[in-house]
Amino acid sequence: MKCTKKTLISLLLTLALLFDGGSNAWAATAAVEPEVDSPEQAEAGEFMPGFEKGEVESSDDEAIPAAAHNLHHGQRGPSVRQLQRNLAVLGFFKYPHQTTGYYGWYTKSSVKRFQRAYGVPVTGTYGPATRHALSRALVKHRLVHDSYRYMHIRYKWGGDNPSGFDCSGFVYFMFHKFGVHIPRATANQMFNMGKRVYKSQLQPGDLVFFSLENGHHISHVGFYIGHNKFISATNSRGIYVYSLSNRYWAPHYRGARRVY
């Protein structure tokens, strides 16, 4: 008996839906038409944050009712579905094609991945600490998405508005635009804000710092945007995206901070 690759994929997706969607998810499998060989291929990992393919829109964590701020395995309903959407926006819920509204093993593992990435106790349960971290992560996701609109705006020493930015002025402007109030400070002063983040733990919206002068004096800052890239204001190109592995930037990298 022949079993095509497409048939096998459909069967696996059906079984996955039953695990995380409960028996009510069975009817939904008819609408699932896999276009990729595995869920991982649907991650759109080659795309810049804010420009990923998919149908999930950015949504505020506050859309989850306050009474439902403690969610755990076995629960179902619109609050769970909203949690799944929020995790999907950030790339942690990679379920093929849809949310389920059921807090099954897949949702629990997605919550754990988020908790691990953002330094929250890894419980698999959506409680106050996870809600707080998720809410901030969603703000930074929108901030990173919005930062692209300022690409190529000219560099201006001391500038902190769209007529011209310096590196710290751009960080200050973007944070304030999204309701994160930090003082107007230099890159060196910003290096003392928030908490330290190792390079392997970087998430979109974290600040990355560089020493472009003598010694270890911090003289440049930008926003990490994912995929080993950052956006910042530079003398040569204004607002621009660079790779952390760039032969110029890599030797000057000095660390990262999570300010919000």
Tabulated pairs, region 227-239, first of a type in the set (Ser, Thr, Tyr), second buried (at least 19 other Cβ atoms within 10 Å of the Cβ) and modelled with pLDDT of 95 or more, C-beta under 6 angstrom, 6+ apart or interchain: SER232/CYS167; SER232/GLY222
Can you give me the ranges of the helices (runs of 4 or more DSSP H) entirely in region 63-163 with at least 2 residues that are free of Cβ contacts under 8 Å to residues at least 40 places away in the same chain, surrounded by 21 or more Cβ atoms within 10 Å (Cβ to Cβ) and on the phi < 0 side of the Ramachandran plot? 78-89, 105-117
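Go through region 175-202 and give me each residue that's more than 21 Å from TYR248 (Cα to Cα) and either in contact with a strand residue (DSSP E or B) (Cβ under 7 Å, 6 or more places away or on another chain) or of a type in the set (Phe, Trp, Tyr) (or both). Walk me through how you get there before you give the answer.
Filtering region 175-202 down to residues more than 21 Å from TYR248 (Cα to Cα) leaves 175-186, 189-190, 192-197, 201.
Within region 175-202, PHE175, PHE178, ARG184, MET190, MET193, GLY194, LYS195, ARG196, VAL197 meet the criteria.
If you go through region 193-216 one residue at a time, do you hit one that is touching a Pro at 6+ places or on another chain (Cβ under 8 Å) and modelled with pLDDT of 95 or more? Please lay out each step first, then the result.
So the first thing to find is which residues in region 193-216 are touching a Pro at 6+ places or on another chain (Cβ under 8 Å), and the list is 204.
With modelled with pLDDT of 95 or more added as a condition, the list becomes 204.
Among the residues of region 193-216, at least one is touching a Pro at 6+ places or on another chain (Cβ under 8 Å) and modelled with pLDDT of 95 or more, which makes the answer yes.
The values are calculated or read from the model by the stated rules, or taken from the named source; none is laboratory data. All values derive from a computational prediction rather than experimental measurement. As a convention, Cβ positions derive from the backbone with ideal geometry for all residues, glycine included, and neighbour counts pool all protein chains shown.
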